[in-house]
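Enquirer: I have a structure here, written as structure tokens, and I will follow up with some questions on it.
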Amino acid sequence: MKIPPHSKETVGIVKEDLEIGRDSIIKGEGTPPKIVVEGLIVCRGRVLFEGDVEARGIEGEEDTIEIRGNLIVENSVTIEDGSLYVHGNLKATRIDIDNSLRVRGNTEAEEIKVGGSLETIGEITADKIVVGGTFEAKSDVKAEEIKVGGALEIKGKVSVTDINVGGSAELSNGNVSGSIKVGGSLETEGFLKF
């Protein structure tokens with residue numbers, strides 16, 4: 001199914017791939033509004049989804065994809081030269097975003113790769129988190145490995161095996177069972193075990 005650029009459409013269940021042109025607004029059907037795509041969602045530029053989104057995968061390019069709800073993806077979310085903003089929870093196997101990722105709810109994935117900045121309000125759980133710029137977590141972080149090129153700030157509880165930060169790291173409390181490597185300064189607010 002193809003939706004042309006500059007569209008405002010209401011979508012319920014799509015039994016194939018969904019391709020959306022730039023600067024479009026996609027509303028979900030039902031209460032609460034929901035968009036279910038059995039294939040892949042391909043966004044050709046800036047797209048706003050009003051409602052929860054479920055899909056096999058999401059691909060985006062050159063702008064921001066904003067989801068005013070939860071995003072549940074079976075496989076991967078990939079955005080080239082763009083960003084993702086999720087108002088609810090985000091669940092996927094792999095997340096690969098070139099610019100920035102912002103999640104207001106909880107985030108769950110096996111692997112998260114963000115070229116620019118990662119900002120999470122809810123809890124984040126992943127095997128591997130790799131961020132080129134800054135990673136700011138307002139809640140708990142559970143991961144095997146965190147690699148950040150710039151600065152890392154975790155306000156919640158840390159439960160991580162290895163942390164590698166190029167710049168400064170600010171951690172509250174929790175447990176780092178492997179190694180901590182910090183290029184700049186390391187600050188801890190509470191009791192950190194390592």
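The values are calculated or read from the model by the stated rules, or taken from the named source; none is laboratory data. None of the values given here were measured: they were computed from a predicted structure. All Cβ positions, glycine included, derive from the backbone under ideal geometry; neighbour counts span all protein chains shown. With ligands, DNA and RNA removed, areas are computed over all heavy atoms of the protein, side chains included. Shrake-Rupley method; radii C 1.70, N 1.55, O 1.52, S 1.80 Å.
Enquirer: Does Gly156 fit the bill of being free of Cβ contacts under 8 Å to residues at least 40 places away in the same chain, in contact with a strand residue (DSSP E or B) (Cβ under 9 Å, 6 or more places away or on another chain), assigned to a loop (DSSP other than H, G, I, E, B) and crowded, with 17+ Cβ neighbours inside 10 Å?
Expert: Here the answer is no, as Gly156 does not meet what is asked.
Enquirer: Now for a different question. State all residues of region 19-53 that are modelled with pLDDT under 95 and among the hydroxyl-bearing types (Ser, Thr, Tyr); if no residue qualifies, say none.
Expert: Hit for region 19-53 is Thr31, nothing else.
Conditions tested, residue by residue: (1) under 18 Å from the mean Cα position of the chain (by Cα); (2) modelled with pLDDT of 95 or more; (3) outside any strand (DSSP E or B); (4) closer than 21 Å to Asn75 by Cα.
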position	(1), (2), (3), (4)
Lys113	yes, yes, no, yes
Thr125	yes, yes, no, yes
Ile129	yes, yes, no, yes
Gly133	yes, yes, yes, no
Asn175	no, no, no, no
Lys181	no, yes, no, no
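Enquirer: What number of residues in region 52-77 are open to solvent by 50 Å² or more (accessible area, probe 1.4 Å), within 16 Å of Lys113 (Cα to Cα) and assigned to a strand (DSSP E or B)?
Expert: 2
Enquirer: If I filter region 94-111 down to residues being part of a strand (DSSP E or B) and open to solvent by less than 20 Å² (accessible area, probe 1.4 Å), which single residue comes out as farthest from Gly150 (Cα to Cα)?
Expert: Thr107
Enquirer: Mind checking whether some residue in region 18-29 is part of a loop (DSSP other than H, G, I, E, B) and open to solvent by less than 60 Å² (accessible area, probe 1.4 Å)?
Expert: no
Enquirer: If you go through region 78-90 one residue at a time, how many are under 8 Å from the mean Cα position of the chain (by Cα) and either buried (at least 20 other Cβ atoms within 10 Å of the Cβ) or over 22 Å from Arg44 (Cα atoms) (or both)?
Expert: Within region 78-90, residues that are under 8 Å from the mean Cα position of the chain (by Cα) and either buried (at least 20 other Cβ atoms within 10 Å of the Cβ) or over 22 Å from Arg44 (Cα atoms) (or both) number 3.
Enquirer: Any idea which of (1) within 23 Å of Ser24 (Cβ to Cβ); (2) open to solvent by 10 Å² or more (accessible area, probe 1.4 Å); (3) touching a residue at least 24 places away in the same chain (Cβ under 8 Å) is the one Gly116 doesn't satisfy?
Expert: (1)
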